[in-house]
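What follows is one structure encoded as structure tokens, with my remarks underneath.
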Amino acid sequence: MRLLDLVVASAITLCSTPLAAQGLGQGTPDAPITEWATTDPDSLGLSLAVLDAHLDLCERSKADGCLVAYRGQVVQEWYGPNYALPLVSGGLERSMRSVGKSVAALLAGMLVGDGALSVDDPVSEWIPEWEAGADSAVTVRHLLTMTAGLPRAFGCPDTAPGCTDDYTAYALSLPLAHSPGERMVYSNEGAQLLSPILERAAGMPLHEYARTRLFEPLGFDSTSLGTDASGNTSTVGGPRTTLREAAALGQLVANGGVWNGEQVVPAEWIEAVRQPNEAYPYYGMLWWVDEGTGTFFAAGDLDNVIAVYPDDDLVVVRAQFTPDPRAEVQYFGPSTFHLLRGVVENRLQPQQE
């Protein structure tokens with residue numbers, strides 16, 4: 001865990017300070033993907049002090065953008081000066097790193113709901129060529145919970161055969177380091193092995209399945225899953241998205257998988273992904289869990305986060321695209337999640353004289 005032309009870039013730099021009432025979203029770089037209202041948080045009785053503290057945290061941690069939504073209304077939306085720098089071509093959407101793992105989990109749940117996949121399927125039924133998985137009875141659930149026994153890695157070395165061109169083939173070449181179910185080990189390669197499984201279950205390229213079954217029903221036009229040079233969809237990370245579309249993914253989860261009255265992801269699956277697995281109490285199925293605050297969240301390198309507080313109908317997104325050595329504080333951590341819960345808890349407390 002742990003290109004835009006210059007005219008547009010200059011215009012967006014003007015949005016590097018908070019908008020009126022911290023989130024009246026007119027003129028923000030992301031066009032709305034739904035008819036979400038942008039609302040003065042004070043009118044909802046939310047804590048302006050906590051929102052101010054969160055904005056300070058976003059600025060001091062050198063985030064590129066932060067958004068807070070309450071009950072589907074944007075109450076804070078901020079973009080740093082780097083948000084529209086010409087780092088990549090194709091628009092304002094940027095990679096949110098390992099948040100893509102949590103998106104893959106939603107796709108898995110949709111296939112489970114369709115009856116095309118079971119989490120208890122042996123991986124060998126879907127990837128018979130992975131001998132290590134067949135020999136050790138690795139299941140889809142093991143991959144989803146990071147308990148398959150594959151080693152912790154941060155991407156394959158450049159010298160590995162086929163690494164940069166075919167990440168799935170590289171993952172398939174790895175032996176197990178532990179027995180399945182023995183321990184939770186955060187393995188990018190284990191997550192990538194979900195790509196061929198989900199694709200074969202879907203019967204189409206996984207990035208196309210994601211677009212037609214998940215992103216389009218949510219009204220997205222800027223979110224996509226990446227592929228490598230061999231055409232493998234990445235289930236490790238790198239989804240290109242915007243703050244608002246990332247927030248909508250969080251809202252979908254907060255809604256129990258419902259969007260505009262349609263059950264996009266099964267409600268039972270949303271509940272399942274947030275249950276801590278037996279090997280590690282802070283991880284469910286490709287979603288992190290903080291039971292102390294009732295939060296579960298998608299998280300990636302550089303503190304890219306989609307945090308969901310389902311009991312409070314609160315969604316928080318932080319995006320950062322490149323490292324910044326000027327950061328004064330780290331965003332990600334328990335203290336941040338406790339702080340954010342105070343956005344809503346303020347309205348539950350009686351006013352003190």
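Normalised by the number of residues in region 180-245, what is the relative contact order in percent for Cα pairs under 8 Å and 6+ residues apart?
This gives 32 percent for region 180-245.
Compute the relative contact order of region 38-141 as a whole-number percentage, counting only Cα pairs closer than 8 Å that sit 6 or more residues apart in sequence.
15
What FRET efficiency do you get for D221 and D313 if R0 is 25 Å and r is their Cβ-Cβ distance, rounded to the nearest 0.05?
The pair D221/D313 has a calculated efficiency of 0.50.
Ranked by accessible surface with a 1.4 Å probe, highest first, in what order do L48, L67 come?
L48, L67
Remind me, relative contact order of region 233-317 in percent, using alpha carbon pairs under 8 angstrom and six or more residues apart?
Once normalised by length, the contact order is 25 percent.
When the accessible area of region 147-279 is split by element with a 1.4 Å probe, what percent falls to carbon and sulfur?
Roughly 48 percent of what the probe reaches on region 147-279 is carbon or sulfur.
Scan region 138-237 for trypsin sites (Lys or Arg not before Pro) in coil per DSSP, keeping those whose Cβ has at most 14 other Cβ atoms within 10 Å, and list them by number.
Taking region 138-237 and a limit of 14 other Cβ atoms within 10 Å, the loop trypsin sites (Lys or Arg not before Pro) found are R152, R183.
For region 143-215, rounded, prolate or oblate, judged on the Cα gyration tensor with a ≥ b ≥ c (square roots of eigenvalues), a/c < 1.5 rounded, else prolate if a/b > b/c?
Because a/c hits 1.5 or more and a/b fails to exceed b/c, region 143-215 counts as oblate.
Tell me the accessible surface of H142 in square angstrom (1.4 angstrom probe, heavy atoms of protein chains only), to the nearest ten.
Counting only protein heavy atoms, H142 exposes about 40 Å² to solvent.
The values are calculated or read from the model by the stated rules, or taken from the named source; none is laboratory data. All of these numbers come straight from a predicted model, not from anything done at the bench. Glycine gets a Cβ as well: all are built from the backbone with ideal geometry, and neighbour counts include every protein chain shown. Calculation scope for accessible area: heavy atoms of the full protein, side chains included, ligands and nucleic acids excluded. Shrake-Rupley method; radii C 1.70, N 1.55, O 1.52, S 1.80 Å.
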